[in-house]
Amino acid sequence: MSGHVSPYLVPGFYETALTRGRHRDIIGGRWDETGRIQMDMLLRLGLQPQHRVLDIGCGPLRTGCRLVPFLDPGNYWGTDLSGALMATGYRQELTEADRARLPEGQLVEDGNFDFPGLPRAFDLVLCFAVFTHLPLAHLGHGLRRVAERLDFGLFAFTVFLAPDAVAAARPYRQPDGVVTHGDRTPWHVLAEDVTRLAADAGLKVDFRDDRLPRGQVLCVAQR
Ligand SMILES: C[S@@+](CC[C@H](N)C(=O)[O-])C[C@H]1O[C@@H](n2cnc3c(N)ncnc32)[C@H](O)[C@@H]1O
C-alpha cells in the first residue's frame, strides 16, 4: 500500500475486495452506526424529502441506502472513484423499492470531481470520509471543482484535523483512537488550511461540533 496517496488507488484494490464480498469493510465498516450518524447529521442540517442531494464518494451507499427512501424519488445522485463499488451497493444494499426510486444512471463513476453528466443544482452536496483519504492538494481541487461546477445550498464534507502545525507534522491520535498523518493516509489537515482553500474557491466554511465516526470533523461550506 505504501507509495499510494490513498488506499483506493492501489491497483486491484476494488476488484479484490468486491470479489471477496467486502464492500462494507473497504469503506471502513461500522455500516449501521456510521450510516445512522451521517443521516442524523443531515437531518440536523435541515435535510427535507424534496431536497436534491449529491453524495460525492458515495461508495456502496452506506448513507445512500438511508437517503434514497427518505428523499423524493429521483432526488439522490452519487459519484465515486469506483463504479463497481456503487453498483455493488445498488444491487446489495438497496431494496427493490429503493431501486425504483433511484435510476442507476444517477450513480456516476468520477474520481476527479468532474461531475460528468450530472445536473448543476443541488440543495445539499456531501463528501463524507473522502478527503480523509486524500492529501491537501486534492482537498483544494475538490473544493474548487464543487464551487465551479455546482450550485448548492450547503456543501458538507469531513476532514481529520490536527490542532496545530507541530502536531500536524507528526502522527496524531484522533478522539476515538485512529492515528492520522500529514504525509500519508489517513490524512489530517489544519483548520486554517481548510479555511484558506475554501476561501480560494469562493466558499466560507464553518467547523461544526458534531461528533462523527473516528473523530472526523464536519465542515459546512457555503458561497
Ligand atoms: C471511507 S469511504 C466513504 C464512503 C461514503 N462517503 C460514506 O461515508 O459512507 C471513501 C469513498 O471515497 C471513494 N473515493 C476515493 N477517492 C475518491 C475520489 N478521488 N473521488 C471520488 N471518490 C473517491 C472511495 O471509493 C470510497 O467509496
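Bear in mind that the values in this text are calculations on the coordinates, not laboratory data. All of these numbers come straight from a predicted model, not from anything done at the bench. A quick note on method: Cβ atoms are made from the backbone with ideal geometry, for glycine too, and the neighbour counts reach across all protein chains shown.
For every residue, the table says whether it meets (1) more than 27 Å from D210 (Cβ to Cβ); (2) more than 10 Å from the ligand (Cβ to nearest atom).
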| residue | (1), (2) |
| --- | --- |
| G28 | no, no |
| L42 | no, yes |
| D55 | no, no |
| G59 | no, no |
| F70 | no, yes |
| G74 | yes, yes |
| G78 | no, no |
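Conditions (1) without any contact (Cβ under 8 Å) to a residue 24 or more places away in the chain; (2) in contact with a strand residue (DSSP E or B) (Cβ under 9 Å, 6 or more places away or on another chain), marked per residue:
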site	(1), (2)
V178	no, yes
W187	no, yes
V194	no, yes
A199	yes, yes
G202	no, no
D209	yes, yes
L212	no, yes
Q216	no, yes
V220	no, yes
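On the basis of being closer than 24 Å to G142 by Cβ, out of contact with any Lys or Arg (no Cβ under 8 Å at 6 or more places or on another chain) and more than 9 Å from the ligand (Cβ to nearest atom), does C65 make the cut?
Yes: the conditions hold for C65.
If we keep just the residues of the stretch 116-139 that are surrounded by fewer than 20 Cβ atoms within 10 Å (Cβ to Cβ) and without any contact (Cβ under 8 Å) to a residue 60 or more places away in the chain, which is farthest from the ligand (Cβ to nearest atom)?
By that ranking, first place goes to R120.
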